[in-house]
Amino acid sequence: MRTALLQSSGRPGSTVENLKVLDEAAGRAAAAGAGLLVAPEMFLTGYAIGDDIARLAEPADGDCADAIAETATRHGLAIAYGYPERAGDAVFNSAQLISPDGTRLANYRKTHLFGCFERDHFTAGDQPVVQAELDGLRVGILICYDVEFPENVRAHALAGTDLLVVPTAQMHPFQFVAESMIPVRAFENQMYVAYVNRVGREGEFEFVGLSTLAGPDGVARTRAGRAEELVLADADPAFLAASREANPYLRDRRPGLYGPLV
């Protein structure tokens with residue numbers, strides 16, 4: 001499945017403008033043969049927008065979700081995007097996957113909040129593995145800091161995730177995560193990992209870009225630079241199956257030894 005990574009911070013504070021940016025990117029991705037477009041963490045509203053996070057938060061089935069479903073249907077591709085989710089009095093840092101026919105396939109709430117900023121504005125989710133079937137692949141979702149915990153990605157591997165999409169807001173000076181950790185996560189768990197970042201300065205943060213799709217061989221299939229960019233690469237089920245056969249990490253595990261870890 002050809003996967004498009006939208007490296008952009010959009011227009012922080014404006015859901016209207018960000019929906020337009022997403023629609024334009026979906027058109028370009030579909031024209032290039034993509035079946036899935038992935039946008040960064042909190043793409044719908046912007047990340048470093050303070051109290052506007054709560055003001056702009058909406059339910060998973062809110063008006064913006066409907067607008068993105070219409071975009072997905074019109075362009076004929078699935079869309080995964082980050083947004084602030086309102087659920088009663090709580091606001092979650094969430095990511096949602098919508099199918100090419102506009103169906104809401106999966107909604108994930110970030111389980112590991114990073115730093116004081118996120119802990120001040122969000123409630124942590126408590127469901128570690130969220131998946132959906134898409135074009136012959138089992139797609140899982142994590143958000144940014146979540147992927148830096150090996151337990152999270154291994155849980156997805158054990159649950160059969162083929163393509164892990166990770167909307168992110170990776171900031172300076174942690175660019176080694178994109179450059180080194182993501183390919184290793186893909187290799188050690190035998191999956192594709194699509195890590196899609198914001199870019200440029202936003203409030204107190206400087207996002208580093210470097211979005212990548214890493215394969216189960218630990219090789220980056222594509223890597224963006226440090227500017228706004230749309231990059232594409234393929235997640236190949238046949239290559240994934242062959243790689244899993246050749247690399248026995250999951251078969252050679254000895255869970256009985258790991259009890260003290262938890």
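The values are calculated or read from the model by the stated rules, or taken from the named source; none is laboratory data. None of these values were measured; they are calculated from a predicted model. When we count neighbours, we look across all protein chains shown, and the Cβ atoms used for this are built from the backbone with ideal geometry, even at glycine. For the accessible areas, the whole protein counts, side chains as well, though only heavy atoms, and no ligand, DNA or RNA atoms are used. Shrake-Rupley method; radii C 1.70, N 1.55, O 1.52, S 1.80 Å.
Below are the figures for this structure:
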item: Out of F207, F239, sole residue that is over 23 Å from V130 (Cα atoms), assigned to a helix (DSSP H, G or I) and not small (G, A, S); result: F239
item: Options A65, A95, A159; residue that is in contact with a strand residue (DSSP E or B) (Cβ under 8 Å, 6 or more places away or on another chain), open to solvent by less than 10 Å² (accessible area, probe 1.4 Å), closer than 25 Å to P183 by Cβ and modelled with pLDDT of 95 or more; result: A95
item: Which numbered condition A241 fails, given (1) open to solvent by less than 10 Å² (accessible area, probe 1.4 Å); (2) free of Cβ contacts under 8 Å to residues at least 12 places away in the same chain; result: (1)
item: Candidate set from segment 244-262 (those that are of a type outside the set (D, E) and not in a loop (DSSP other than H, G, I, E, B)); member that is least open to solvent (accessible area, probe 1.4 Å); result: G259
item: Those residues of segment 219-233 which are under 20 Å from V153 (Cα atoms) and either over 22 Å from the mean Cα position of the chain (by Cα) or surrounded by fewer than 17 Cβ atoms within 10 Å (Cβ to Cβ) (or both), in sequence order; result: V219
item: Matching residues in segment 244-260 - criterion: being without any contact (Cβ under 8 Å) to a residue 12 or more places away in the chain and aliphatic (A, V, I, L, M); result: A246, L257
item: Candidates A72, A48, A29, A54, filtered to the one that is closer than 23 Å to L113 by Cα and part of a helix (DSSP H, G or I); result: A54
item: Residues (in contact with a Gly (Cβ under 6 Å, 6 or more places away or on another chain) and open to solvent by 20 Å² or more (accessible area, probe 1.4 Å)) located in segment 169-218; result: F187
item: Selection status of S14, within 27 Å of A220 (Cβ to Cβ) and either surrounded by fewer than 23 Cβ atoms within 10 Å (Cβ to Cβ) or in contact (Cβ under 8 Å) with a residue 12 or more places away in the chain (or both); result: no
item: Subset of segment 113-161 [polar (S, T, N, Q) and under 16 Å from the mean Cα position of the chain (by Cα)]; result: Q127, Q131, N152, T161
item: Tabulated pairs, segment 26-50, first crowded, with 24+ Cβ neighbours inside 10 Å, second of a type in the set (D, E) and in a loop (DSSP other than H, G, I, E, B), C-beta under 7 angstrom, 6+ apart or interchain; result: Y47/E41
item: Among residues of segment 68-88, those that are more than 25 Å from D135 (Cα to Cα) and crowded, with 20+ Cβ neighbours inside 10 Å, counted; result: 2
item: Residues (over 24 Å from I68 (Cα atoms), out of contact with any Leu (no Cβ under 8 Å at 6 or more places or on another chain) and open to solvent by less than 60 Å² (accessible area, probe 1.4 Å)) located in segment 124-148; result: D146, E148
item: Any chance R226 is at pLDDT below 95 and assigned to a loop (DSSP other than H, G, I, E, B); result: no
item: Yes/no for Y108 being in a strand (DSSP E or B) and within 21 Å of V21 (Cα to Cα); result: no
item: Unique residue being among the β-branched types (V, I, T), outside any helix (DSSP H, G or I), in contact (Cβ under 8 Å) with a residue 12 or more places away in the chain and farther than 18 Å from T3 by Cα when the list is V91, V139, V147; result: V91
